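Student: Let me begin by handing over the structure; questions about it come next.
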Amino acid sequence: MSVQPVAEPAAEGAGLTQWQRIVYTFTAPSKTFDDIRRGNKSWWLPLIIGALVSYIFFAAVAQKVGMQQVVDNQIRMNVKAQEQMAQAPPDQREKINKFWLVSTEAAFIGGPILGLIGAAVVSLVLWGTINFAFGGKATYGSIFAVSYYAWLPMSVKALLGVVVVYTPMAPESFNIKNFAPTNCAAIFMDPVESNKALYALATSLDGVMIWTLVLFGIGVATVAGVKRGSGYIAVFGWWALIVLISVGWAAFMG
């Protein structure tokens, strides 16, 4: 009697390329996050795309608006900053203005590094939340990879900001903190005249941000092996807390 060889289980596919994961993030996000769950955790391409888009936006703002105008607008929209500038002697005003200018430029230039730090912190919080509060089994590396793909819609918002900058727009009206018409505050509200807490709330209810949070919820749930509802609760719960704090801070600052 001949011995029949035992059939080996079919090997799992090599996985998606990073370009495929990026495309699927917009068209079929479950495929992207399933691929990450299987161990394909490369995230450098979304990092590069995000950095490139942010520098394109920076160049557009610097060319069409001017960084000093960006600073002047922020001071005009901030009551506390206006009071500080009004009460400071002339030499101190120059130092304060220089500090604002350098800080704004540094935030643009160091954006990818700040984003990396932010992704690390967010991933740590969500990793702890989904595993300990919802019984998930996600690794920190998988959550970190999810974060970079989930943030891809923000690159779309930055490109929309470039379009806004190149429209016939008065430089004095440009608001670097709310530069794209993706929320009610940017479309219908005046950042100077509006109630600060209400403006902060309307800014938080941003279409691109909601899109990003939905992707986060799907991704976190997928790599943790829990229901999507658990992923949504974890992500939107933290987001709601952050919105509450930002609205309260805006009300306090007046």
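The values are calculated or read from the model by the stated rules, or taken from the named source; none is laboratory data. What you see is a predicted model; the values in this text were computed from it and never measured. Cβ coordinates were reconstructed from backbone atoms using ideal geometry, including for glycine residues, and neighbour counts include every protein chain displayed.
Student: Assess whether Thr167 counts as being buried (at least 17 other Cβ atoms within 10 Å of the Cβ) and β-branched (Val, Ile, Thr).
Tutor: Judged against the criteria, Thr167 is not a match.
Student: So Trp44 ticks every box in (1) over 26 Å from Ala250 (Cα atoms); (2) crowded, with 18+ Cβ neighbours inside 10 Å but one. Which box is left unticked?
Tutor: Status for Trp44: all satisfied but (2).
Student: What are the residues in segment 87-139 that are outside any helix (DSSP H, G or I) and aliphatic (A, V, I, L, M), if any? It would help to see each step written out before you state the result.
Tutor: Applying the first criterion (outside any helix (DSSP H, G or I)) to segment 87-139 yields 88-89, 110, 134-139.
Listed by number, the residues that qualify are Ala88, Ala138.
Student: Moving on. I want to confirm something. Restricting to segment 140-151 and keeping residues that are in a helix (DSSP H, G or I) and of a type outside the set (Ser, Thr, Tyr), which single residue is farthest from Arg37 (Cα to Cα)? Show your work before the answer.
Tutor: Residues of segment 140-151 that are in a helix (DSSP H, G or I), as a first pass: 140-150.
With of a type outside the set (Ser, Thr, Tyr) added as a condition, the list becomes 141, 143-146, 150.
On the way: Gly141: 10, Ile143: 9, Phe144: 12, Ala145: 10, Val146: 9, Ala150: 14 Å.
In this case the residue turns out to be Ala150.
Student: Continuing with this model, one more query. Of the residues Ile218, Ile176, Ile187, Ile245, which is more than 15 Å from the chain's Cα centre (by Cα) and in contact (Cβ under 8 Å) with a residue 40 or more places away in the chain?
Tutor: Working: Ile176 fails: more than 15 Å from the chain's Cα centre (by Cα); Ile187 fails: in contact (Cβ under 8 Å) with a residue 40 or more places away in the chain; Ile245 fails: in contact (Cβ under 8 Å) with a residue 40 or more places away in the chain.
Going through Ile218, Ile176, Ile187, Ile245 in turn, just one is more than 15 Å from the chain's Cα centre (by Cα) and in contact (Cβ under 8 Å) with a residue 40 or more places away in the chain: Ile218.
Student: Something else about it: Leu126 versus (1) surrounded by 12 or more Cβ atoms within 10 Å (Cβ to Cβ); (2) modelled with pLDDT of 95 or more; (3) of a type outside the set (S, T, N, Q); (4) out of contact with any helix residue (DSSP H, G or I) (no Cβ under 6 Å at 6 or more places or on another chain): which is the lone unmet condition?
Tutor: Exception for Leu126: condition (4).
Student: Quick one: how many residues across segment 144-168 are touching a residue at least 40 places away in the same chain (Cβ under 8 Å) and farther than 27 Å from Thr27 by Cα?
Tutor: So the answer is 2.
Student: Ok, one more. Step by step: first the residues of segment 78-95, then only those that are among the aliphatic types (A, V, I, L, M), more than 28 Å from the chain's Cα centre (by Cα) and surrounded by 14 or more Cβ atoms within 10 Å (Cβ to Cβ), then the one that is nearest to Pro191 (Cα to Cα). Which residue is that? Break it down into steps so the answer makes sense when it comes.
Tutor: If we filter segment 78-95 for residues that are among the aliphatic types (A, V, I, L, M), which is where we start, we get 79, 81, 85-86, 88.
If we keep only those that are more than 28 Å from the chain's Cα centre (by Cα) too, we end up with 85-86, 88.
Now restrict to residues that are surrounded by 14 or more Cβ atoms within 10 Å (Cβ to Cβ): 85, 88.
Details: Met85: 19, Ala88: 24 Å.
Applying the filter and picking the extreme gives Met85.
Student: Every residue in segment 222-238 that is surrounded by fewer than 16 Cβ atoms within 10 Å (Cβ to Cβ), at negative phi and not in a helix (DSSP H, G or I), please.
Tutor: Selection gives Lys227 alone.
Student: Which members of segment 239-254 meet the condition of being surrounded by fewer than 16 Cβ atoms within 10 Å (Cβ to Cβ) and within 27 Å of Gln84 (Cβ to Cβ)? It would help to see each step written out before you state the result.
Tutor: Pass one, segment 239-254, residues surrounded by fewer than 16 Cβ atoms within 10 Å (Cβ to Cβ): 240-242, 244-246, 248-249, 251-254.
Answer for segment 239-254, where residues must be surrounded by fewer than 16 Cβ atoms within 10 Å (Cβ to Cβ) and within 27 Å of Gln84 (Cβ to Cβ): Ile242, Leu244, Ile245, Ser246, Gly248, Trp249, Ala251, Phe252, Met253, Gly254.
Student: Got a number for residues in segment 47-57 being aliphatic (A, V, I, L, M), buried (at least 20 other Cβ atoms within 10 Å of the Cβ) and within 10 Å of Tyr148 (Cα to Cα)?
Tutor: Filtering segment 47-57 for residues aliphatic (A, V, I, L, M) gives 47-49, 51-53, 56.
Still in the list and also buried (at least 20 other Cβ atoms within 10 Å of the Cβ): 53.
Subsequent filtering for residues that are within 10 Å of Tyr148 (Cα to Cα) retains none.
Matching residues across segment 47-57 total 0.
Student: Something else: Among the numbered criteria (1) within 26 Å of Tyr166 (Cβ to Cβ); (2) touching a Ser or Thr at 6+ places or on another chain (Cβ under 9 Å); (3) at pLDDT 95 or above, which one does Thr212 miss?
Tutor: That leaves (2) as the condition not met.
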